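No value in this document is a laboratory result; all are computed from the given coordinates. The structure presented is a predicted model; accordingly, all values stated were derived computationally and were not measured. Backbone-built Cβ (ideal geometry, glycine too); neighbour counts: all protein chains shown.
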Amino acid sequence: MFTKVDYETYFSAIQKADKKMVETLSGIIDEVSDAEVLKVLIQIREDEKRHVILNEELFSLLQEEAVASTA
């Protein structure tokens, strides 16, 4: 079973990877001229951006849970 610290550690690593993917894909997208490839790369980048947002929401929930458990 995961502890709160385990979740934070795991999802911090995921968050870092997702942000790096957004950055990397943005650089690649700037260099690609093939419209079909570009369309797919943009979709992948948008998915990674959503992952970043979902991770932020998870971190907020974990923080709220921590505050509630100390109250």
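Pairs of Lys residues in the chain that lie 8 or more places apart, or on two chains, and have C-alpha atoms under 20 angstrom apart add up to 7. For the chain, the Cα-based Rg and Dmax, in that order, read 16.2, 56 Å.
Taking a sphere under 15 Å around the Cβ of residue 16 and counting the other residues whose Cβ falls inside, with K and R at +1 and D and E at -1, yields a net charge of -2.
Where the centre of each part is set by its Cα atoms, how far does region 1-28 sit from region 32-54, in angstrom? Computed from Cα coordinates, the inter-centre distance equals 17 Å.
Computed from the C-beta positions of residue 20 and residue 50 and an R0 of 22 Å, the FRET efficiency is 0.90 to the nearest 0.05.
Compared with the dominant Cα axis of the chain, that is its longest principal axis, helix 4-31 is turned about 10°.
Here the gap between residue 57 and residue 2, fully extended at 0.36 nm per residue and compared with their Cα-Cα distance, gives a gain of 18.0 nm.
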